[in-house]
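The values are calculated or read from the model by the stated rules, or taken from the named source; none is laboratory data. Everything numeric here is computed off the predicted structure, so don't read it as measured data. No Cβ is skipped: glycine too gets one built from the backbone with ideal geometry, and neighbour counts run over all protein chains shown. Keep in mind that these areas ignore ligands, DNA and RNA; they rest on the heavy atoms of the full protein, side chains included. Shrake-Rupley method; radii C 1.70, N 1.55, O 1.52, S 1.80 Å.
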Amino acid sequence: MRILLVEDDDEIADRLVTGLGRSGFTVERADNGSDGYAMGIEDEYAAAILDLGLPQMQGLDVLKRWRASDCKMPILILTARGTWAEKVDGLNAGADDYITKPFHIPEVAARLKALIRRASGIASPVIVHGALSLDTASSRVLLDGKAVELTASELKMLSYFMHRIGRVVSQAELIDHLYALEDTRESNTIEVYVSRLRRKLGPNVITTVRGLGYRMD
């Protein structure tokens, strides 16, 4: 899942990019409020982590402008400001959750996964589709009750599809959500990963919709 991180502190940002990357997220960062606002409007992200104390545009203003622009992505406020009044302001402005510094990466990852599940209409951390199940908390995949070993990239792709069952997903959308901006992006790698998932999970797990992309039915 590709998420947007708007954080001006380089040390905190590096920690989040590295830690969340290990949890299966692709993280793109803005280091000021103006750039963060623009990225959130121009691109599609599964969720955003937004600091409140930002240069150029305060985080609360970014949040209000996102929501005023009908930006619906889940937003997790991350800040050193921990008073109840500031939390209320953030939530009332449209934030979906709130976590204060210092924080633990596993908690941030868990909160993000919960927000993304809810935005997809999924309540349980275990997504079940026929004989296939994905535990989003442990990244454990079962097919007919038996564990299936997937690479990190295969798991990212499967998770993206299982959050969008029945929806056509284009190659460009998959590339955006599987790779960071600085990564090499090639459409043929998407075809390779789809082929691998079919080989491991069954030939009909993902359908090719000619000219449009792929769909998990």
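General observations
- Close lysine pairs were tallied over the chain: pairs 8 or more places apart or on different chains with Cα atoms under 28 Å apart number 18.
- Converting phi to 3J(HN,Hα) with the Karplus coefficients 6.51, -1.76 and 1.60 and the offset θ = phi - 60°, region 197-212 yields 5, 4, 5, 8, 10, x, x, 9, 5, 10, 9, 7, 9, 3, x, 10 Hz in sequence order, with x at every glycine or proline.
- Relative contact order of the chain, pairs being alpha-carbon contacts under 8 Å that are 6 or more residues apart, as %: 16 percent
- Atom-type composition of the exposed protein surface of the chain places 49 percent of the accessible area on carbon and sulfur (1.4 angstrom probe).
- Sorted largest first, the spans of the alpha carbon positions of region 1-97 along the three principal axes are 33, 27, 23 Å.
- Between the residues Gly21, Tyr214, Asn92, the greatest Cα displacement towards the positive end of the dipole of the chain, with unit charges on the Cβ of Lys, Arg, Asp and Glu, is found for Tyr214.
- Residue-level accessible surface for Thr151, protein heavy atoms, 1.4 Å, Å²: 60 Å²
- Per residue, in Å², the accessible surface of region 78-217 once ligands and nucleic acids are set aside, probe 1.4 Å: 53 Å²
- The calculated Kirkwood hydrodynamic radius for the chain is 18.0 Å, given to one decimal from all distinct C-alpha pairs.
- The alpha carbon centroids of region 137-165 and region 30-65 are separated by 30 Å.
- Candidates Asp70, Asp14, Asp97: whichever shows maximal mean-square fluctuation once the chain is modelled as a Gaussian network with Cα springs under 10 Å: Asp70
- In Hz, Karplus ³J(HN,Hα) per residue of region 43-52 (6.51, -1.76, 1.60; θ = phi - 60°; x = Gly, Pro): 10, 9, 10, 5, 6, 10, 10, 10, 7, 8
- Charges were assigned to the Cβ only: +1 to each Lys and Arg, -1 to each Asp and Glu. The resulting dipole of region 21-152 about its Cα centre is roughly 380 debye.
- Across region 67-158, counting alpha-carbon atoms alone, Rg and Dmax equal 16.4, 49 Å.
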